Amino acid sequence: MNLSVRKIRMAYRMLYETLQDLWRSGWSNWVVISILTSVLAICGFVLQISFSLNIIGQKLTDQLEFSVYLSDNVELKEFALAIGKMPYVKRVEVIDKDVAWYEFKKNFTIAEDFQNPLPNTVHVRVATPEYLKSTILAVKKIPGVIDINYAPGVLGFINKLKAFFQIVGSLLIVLLAFVTVVITGNTIQLVIHSRQNEIEVLRLMGVEDWYIKGPLIFQGIFYAVVSATFAIAPLYVLQTFLWDTAQNLIGSALPTGLPEYYAGNIFQIYYILLIIGIIVTGSGCLWSSKKYLKV
Amino acid sequence: MIQFVNVTKIYGELKALDDVSFEIGSGEMVFVVGPSGAGKSTLMKLLYREEKPTSGQVFVSSVDVSRLPNNQTPILRRRMGIVFQDFKLLPNKTSFENIAYPLFAIGMDQNEIKKRVHGALKVVSLTNKANDFPKNLSAGERQRVGIARAIVQGPSLLVTDEPTGNLDPTTSMEIFQLLERINQRGTTVLVATHNQQMVDQMKKRVIALTNGQVVSDVKSGMYTARVN
């Protein structure tokens with residue numbers, strides 16, 4: 001008998017057995033699916049928030065440039081050179097007050113005798129956001145610095161938010177994943193119990209153990225696919241909530257293109273949820289078949 | 001065909017088989033007799049590798065079953081048929097489906113399955129009951145379906161553990177005659193039983209076990225004289 005044709009027939013029979021097992025499991029299926037859906041929905045929510053906050057953080061980091069305003073008695077070029085030598089400073093841009101005033105006057109009609117009110121300015125960009133605050137503090141101590149303009153609050157808030165969601169989310173996921181593994185295991189145990197006679201006949205008639213275990217694993221995969229599909233739907237609602245909340249909190253600081261980003265990465269999240277679901281249900285199936293199935 | 005070499009099997013404190021050695025040639029029909037707890041079922045389980053011996057070796061067709069890797073066990077089992085005392089028929093499947101079930105599971109072609117199942121039903125004289133469910137069959141008919149399922153893969157060895165344990169004397173006789181017919185077709189048949197009357201009538205080789213030891217091994221033997 002052609003080996004591959006035989007394997008295809010066996011795979012077809014395994015799918016058939018899987019459907020029968022699902023039918024036999026009845027309401028137990030929905031218990032597993034509803035809990036796994038909750039786990040995956042939380043997982044997706046945490047992932048989406050982490051991804052979003054990363055994107056926001058990255059975009060803000062690109063804008064992370066602070067401006068230093070200097071008194072007139074400071075030698076501008078020397079100051080810029082000194083700043084440029086500081087660690088983690090990536091770029092320094094000098095804006096002479098006379099040049100800035102000239103540019104300003106080109107756009108606005110101002111009386112000839114009006115004195116230049118602008119200070120000499122230096123735009124500084126640091127290499128990574130975590131060095132922003134320390135660099136600003138160091139620059140502030142230099143004599144002649146009138147003021148510094150920056151927005152560290154938003155970034156700090158974003159980092160805290162991200163850490164909170166990651167810690168609380170991870171704890172919840174681990175807890176619920178454990179519960180799902182146990183419930184999946186118990187459902188599979190019921191299937192094994194109801195198929196006890198069939199399984200004994202099959203294994204004593206020389207059927208390979210992968211054929212006997214296969215339907216149980218397929219059942220786990222089925223749970224994962226259904227649950228991941230159910231879990232992705234509320235994520236759209238959560239995305240909208242997240243977007244609205246973020247707009248209220250940090251408004252104009254939000255980078256453009258986030259909703260489009262969400263739409264693009266929803267499939268990426270679906271695949272991640274599917275893999276997590278398969279790992280969780282797979283663990284339950286393996287645990288149960290190892291404990292209760294003698295092949 | 002079968003060789004037991006100094007086989008001992010111990011379950012916890014209980015010695016189920018104690019230094020058992022014997023050989024069975026190809027095409028033989030042999031009864032393994034003895035009182036309950038003598039070790040008959042353990043001996044059968046060692047043959048189809050449901051159990052492993054504590055010490056000693058069990059050979060089936062020159063293969064040391066006791067050292068067979070787990071992934072080779074299905075191949076061994078496909079070469080033998082197993083008949084159970086409680087038939088182990090699936091209640092929601094017809095006779096045909098029960099016999100065909102393991103064949104579907106090994107990926108056999110549907111036409112080949114039909115051919116083989118009808119052939120097996122013919123051997124056990126149940127062609128007219130192919131579409132009946134087990135609940136509509138008598139106990140003897142159920143066991144015949146069990147035997148048909150065991151022989152459907154064309155095994156060279158048929159292992160039966162108390163095949164008439166749940167049957168009346170007349171039906172038991174039918175089953176024993178059926179097993180003899182299968183043996184006459186060239187299949188080695190090993191029957192564990194404590195059905196004294198049948199063993200005495202069949203006049204086949206009898207291996208008697210008591211307390212896990214072979215107490216006699218006689219060709220054309222009798223149950224009574226050997227065990228009691």
Exercise for the section: Could you look through segment B:66-101, keep only residues that are at pLDDT below 90 and away from chain A (no Cβ under 11 Å), and pick out the one that is most open to solvent (accessible area, probe 1.4 Å)? Expected result: B:Arg67
Fill in the blank from the handout: Output for Cβ contacts, cut-off 7 Å, separation at least six or different chains, first residue more than 14 Å from B:Leu178 (Cα to Cα) in segment B:195-210, second open to solvent by 40 Å² or more (accessible area, probe 1.4 Å) and acidic (Asp, Glu), reads B:Arg205/B:Glu28; B:Ile207/B:Asp217
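Of A:Gln166, A:Gln189, which residue is closer than 23 Å to A:Ile279 by Cβ, more than 14 Å from every other protein chain (Cβ to nearest Cβ) and crowded, with 17+ Cβ neighbours inside 10 Å?
On the way: A:Gln166 fails: crowded, with 17+ Cβ neighbours inside 10 Å.
A:Gln189 is the lone residue from the list that is closer than 23 Å to A:Ile279 by Cβ, more than 14 Å from every other protein chain (Cβ to nearest Cβ) and crowded, with 17+ Cβ neighbours inside 10 Å.
If I filter segment A:104-126 down to residues being outside any helix (DSSP H, G or I) and at pLDDT below 80, which single residue comes out as most open to solvent (accessible area, probe 1.4 Å)?
Residues of segment A:104-126 outside any helix (DSSP H, G or I): A:108-126.
Now narrow it down to the ones that are at pLDDT below 80: A:108-113.
Values: A:Phe108: 113, A:Thr109: 146, A:Ile110: 44, A:Ala111: 57, A:Glu112: 165, A:Asp113: 123 Å².
Restricting to residues being outside any helix (DSSP H, G or I) and at pLDDT below 80, the top hit is A:Glu112.
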Exercise for the section: Evaluate segment B:29-52: report whether one residue or more is open to solvent by 10 Å² or more (accessible area, probe 1.4 Å), in a helix (DSSP H, G or I), more than 21 Å from B:Gly165 (Cα to Cα) and more than 10 Å from every other protein chain (Cβ to nearest Cβ). Expected result: no
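With respect to A:Asp96, is the statement that it is open to solvent by 90 Å² or more (accessible area, probe 1.4 Å) and charged (D, E, K, R) true? I'd like the intermediate steps shown before the answer.
Values: open to solvent by 90 Å² or more (accessible area, probe 1.4 Å): no; charged (D, E, K, R): yes.
So A:Asp96 fails the test.
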Problem - Residue satisfying condition, being among the small types (Gly, Ala, Ser) and in contact with an Asp or Glu (Cβ under 8 Å, 6 or more places away or on another chain), within set B:Ser41, B:Ser36 - result: B:Ser41
Handout entry: Search result, residues across segment B:109-121 that are surrounded by 22 or more Cβ atoms within 10 Å (Cβ to Cβ) and either of a type outside the set (A, V, I, L, M, F, W, C) or in a loop (DSSP other than H, G, I, E, B) (or both)
Key = none
Practice task
Kindly indicate which of A:Leu19, A:Leu15 is closer than 30 Å to B:Met108 by Cα, part of a helix (DSSP H, G or I), within 14 Å of chain B (Cβ to nearest Cβ) and at pLDDT 85 or above.
Solution key: A:Leu15
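Of the residues B:Gly39, B:Gly34, B:Gly12, which is at positive phi and without any contact (Cβ under 8 Å) to a residue 40 or more places away in the chain?
Values: B:Gly39 fails: without any contact (Cβ under 8 Å) to a residue 40 or more places away in the chain; B:Gly34 fails: without any contact (Cβ under 8 Å) to a residue 40 or more places away in the chain.
Answer to the selection: B:Gly12.
The values are calculated or read from the model by the stated rules, or taken from the named source; none is laboratory data. Computed from a prediction, not measured in an experiment: that's the story for all the values here. As a convention, Cβ positions derive from the backbone with ideal geometry for all residues, glycine included, and neighbour counts pool all protein chains shown. Protein only, heavy atoms only, side chains kept; ligands, DNA and RNA dropped before computing areas. Shrake-Rupley method; radii C 1.70, N 1.55, O 1.52, S 1.80 Å.
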